[in-house]
Structure formats: structure tokens, C-alpha cells
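The values are calculated or read from the model by the stated rules, or taken from the named source; none is laboratory data. Here the structure is a predicted model, which means the values were calculated and not measured. When we count neighbours, we look across all protein chains shown, and the Cβ atoms used for this are built from the backbone with ideal geometry, even at glycine. With ligands, DNA and RNA removed, areas are computed over all heavy atoms of the protein, side chains included. Shrake-Rupley method; radii C 1.70, N 1.55, O 1.52, S 1.80 Å.
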Amino acid sequence: MAMQFVKGPLDTNHNPTWCPGCGDFGIWMSLKNALLELKIPPHKVLIVYGIGCSGNMTNFVGTYGWHSLHGRSVPTAVGAKLANKDLTVIVVAGDGDGLGEGMGHFIHAVRGNADITYIMHDNKVYGLTVGQAAPTAIKGYKSKSTPEGIIEVNANAPSLAIAAGCTFVSKGFSGRVSHLQGLIKQAIQHRGFSLVDVYQPCVTFNKVNNFPFYNQRIYDLQQENHDTSNRLKAFEKALEWGDRIPTGIFYKDESRPPYEDHLPQEQGQPLVVRPMKKRSLSHLIEEFI
Ligand SMILES: Cc1ncc(C[n+]2csc(CCOP(=O)(O)OP(=O)(O)O)c2C)c(N)n1
Ligand code: SF4
């Protein structure tokens, strides 16, 4: 039987095509609720999506959207922000997109402190291409692509981000929608690169890291007086994995200006609304070469 959806203000004419029970639903709800709570009009929001089940959200959220190339969602988002700094620019992409093909882009955008929010779907598999191990898969994880168990240790987005100088680092769980919604809200409000990495169970292909797995283990750092200004402690917490798994804000630094603030051409009106001088190709070559 087809799933029934009650349409809200940020929905489109298309219904999600994710598997019933997929963790993507929780992220979808949290993101839409966060945007509604912040009262950002849809035409002021650009969401850049990666290729993956996560990226299919492009059809289900009624803001501006751009379905990027696999692993190229971050540079597309950075470019869009430079072109129109008035937009709220958000990346929605999988852990394969962000830490496999797109790992270099992720680290360099973090280093620059580009003013974008990255919502990374950590399901530890390549969902769309039917369940191969993603870079986040835990050592020993068996999948169709790693039948004897994965040899490498897992890539960890929050610890990589902290090491690269990220100014807002957090982790949510798609089974805790209102908590995740709060994280997304704060991440959007943060000026600079904000990471919301999300435990997002892939109920079809990852039979280990499922909803019961996380429900038994996760806790909220903000309930335990975690000091979000302590970078070393944040790094330690980002690596915690076992009987207890932390969620919440690991690290926050409001003092560092975003990338755009350093560029003289970004001062004043957004580039996109400034009048274009009619120039021939030879003029441009003369000016730039
Ligand atoms: C350049 C390129 N390489 C590989 C692919 C094939 N491909 C499509 S989606 C995907 C992985 C998706 O996994 P992830 O990014 O974790 O997203 P999920 O589907 O789990 O949400 C791959 C490898 C592609 N489309 N383009
Ligand atoms: S394959 Fe996994 S990630 Fe993709 S829609 Fe199904 S449950 Fe979600």
C-alpha cells in the first residue's frame, strides 16, 4: 500500500520514495521544521544535494534545490553562497558523497569556514547503489563489497572537521527529530561552516547500525555539561563509540569570520544583483590574463 503524506508548507507535489522506515524521513522532517521555525522564506534557501538516497530529497523539499554531481555538492554550495550571500545555503548529502568522492572538498571548505550548513547522512553504506560499505563503515563491517569485513578504520566526519578548523560541529540522530531540528536550527544560524552529521539508519542494507542500536547507546552532550569551546575535549567526544555514543554540539567557535567576509568583492550587495557590464570575450581576457 502506498504511504500517505499530509502536505505541509515546505512539501512538493512529490512523495518520498525512500524505503519505509528509512532514517532519511527523520532528517527530512527536522530540516523542514527547522526552516519553518526560523521563518526563512523558501525562495531564500538553496539546498544543494549529493547523489544518493539522501540526495533524492531534492524532489521533496519546496525550496530552491540543486542536485549536484556525486561528491561535488560542497564546492557547488560554496560557489552559490559567493554568488548570492543573501541565500541560506545548505548541503544535504550522504557519507559516501561527503567522505568518499567529496572528502577533499569537505576538508577545504571547512578550512575556509565557508558560510554553509552541511547535513551529512551517516548510514555507513552507499544506499542508492545498494549497500556497499561507505567510508564511515566500522572496521570489520560485512557488506556485498566487503564480504570478509572492511579492513580500513572508519572515517569520522566530526573529528575530521574539528581537526580542519570547523567552527560548528555537531551530531544528531534521525530517530530524535526534535533534537535534530534544534541542531539544524543552530547550525543555520551559525556564521561559518556548520556540520550536522546525522546517524541515519539505512534499514534495508545496514542491519547492524539500526534504530535499536542507536536508541540503546546515544546520549546528549548538552545534558552532560559538555564545554563546546574546548576543542580537545570535542575531539575526544567525536571519537567516542561503544556502549555510549554522543550526540549534540561537540564544538563551536563564534569568533572566526566566515570566508566571504575576507573578500572585498563580497562587501556590499550580493554579486548576483549587481548590474553586469556588457563585456566582450576579448575584454575579459584582457582583464583577467
Ligand atoms: C562520480 C560518480 N561516482 C560514482 C557514482 C555512483 N554512485 C551513485 S550514488 C553513490 C553512493 C551513494 O552513497 P551515499 O553518498 O552515502 O548516499 P546514500 O545513498 O547512502 O544516501 C555512488 C557511488 C556516481 N553517480 N558518480
Ligand atoms: S536503501 Fe537505505 S538509505 Fe536508501 S532509501 Fe532505503 S533505507 Fe534509506
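Some notes on this structure:
- Residues of the stretch 106-123 that turn out to be within 13 Å of ligand 1 (Cβ to nearest atom) and open to solvent by 10 Å² or more (accessible area, probe 1.4 Å), as a count: 1
- Strands (runs of 3 or more DSSP E) lying entirely in the stretch 165-266 (those with 3 or more residues that are touching a residue at least 60 places away in the same chain (Cβ under 8 Å)): 168-173, 194-199, 245-252
- Among the residues of this structure, ASP11 does not count as one that is among the acidic types (Asp, Glu) and within 16 Å of ligand 1 (Cβ to nearest atom).
- Residue count for the stretch 59-88 satisfying the condition of being more than 12 Å from ligand 1 (Cβ to nearest atom), over 19 Å from GLU266 (Cβ atoms) and free of Cβ contacts under 8 Å to residues at least 24 places away in the same chain: 3.
- Residue within the stretch 134-150 that is farther than 26 Å from SER255 by Cβ, within 16 Å of ligand 1 (Cβ to nearest atom), of a type in the set (Gly, Ala, Ser) and open to solvent by 10 Å² or more (accessible area, probe 1.4 Å) present: yes
- Residue count for the stretch 89-105 under the criterion of being more than 19 Å from ILE249 (Cα to Cα), more than 9 Å from ligand 1 (Cβ to nearest atom) and in contact with a strand residue (DSSP E or B) (Cβ under 9 Å, 6 or more places away or on another chain): the result is 1.
Conditions (1) acidic (Asp, Glu); (2) over 16 Å from VAL91 (Cα atoms); (3) part of a strand (DSSP E or B); (4) at pLDDT 95 or above, marked per residue:
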site: PRO16; (1), (2), (3), (4): no, yes, no, yes
site: CYS22; (1), (2), (3), (4): no, yes, no, yes
site: TRP28; (1), (2), (3), (4): no, no, no, yes
site: VAL48; (1), (2), (3), (4): no, no, yes, yes
site: GLY52; (1), (2), (3), (4): no, no, no, yes
site: MET57; (1), (2), (3), (4): no, no, no, yes
site: THR76; (1), (2), (3), (4): no, no, no, yes
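- Selection count, the stretch 151-171, where residues are in contact with a helix residue (DSSP H, G or I) (Cβ under 8 Å, 6 or more places away or on another chain), of a type in the set (Val, Ile, Thr) and open to solvent by 40 Å² or more (accessible area, probe 1.4 Å): 0
- Residue under evaluation ILE40, criteria (1) more than 28 Å from TYR214 (Cα to Cα); (2) open to solvent by less than 30 Å² (accessible area, probe 1.4 Å); (3) more than 16 Å from ligand 1 (Cβ to nearest atom), criterion not met: (2)
- Residues of the stretch 124-133 classified as more than 8 Å from ligand 1 (Cβ to nearest atom) and either part of a loop (DSSP other than H, G, I, E, B) or open to solvent by less than 10 Å² (accessible area, probe 1.4 Å) (or both), total: 3
- One residue stands out among those in the stretch 199-229 that are within 11 Å of ligand 2 (Cβ to nearest atom) and β-branched (Val, Ile, Thr): the one that is nearest to SER178 (Cα to Cα), which is VAL203.
- The condition (being within 20 Å of GLU240 (Cα to Cα), among the β-branched types (Val, Ile, Thr) and within 16 Å of ligand 2 (Cβ to nearest atom)) is satisfied by just one residue among THR58, THR129, THR136: THR136.
- Test set (1) in contact with a helix residue (DSSP H, G or I) (Cβ under 7 Å, 6 or more places away or on another chain); (2) under 19 Å from THR136 (Cα atoms); (3) of a type in the set (A, V, I, L, M, F, W, C) - PHE60 fails condition number: (2)
- Test set (1) more than 27 Å from LEU128 (Cα to Cα); (2) open to solvent by less than 30 Å² (accessible area, probe 1.4 Å) - SER174 fails condition number: (1)
- Filter pass, SER282 being modelled with pLDDT of 85 or more, within 30 Å of ALA234 (Cα to Cα) and out of contact with any Lys or Arg (no Cβ under 7 Å at 6 or more places or on another chain): no
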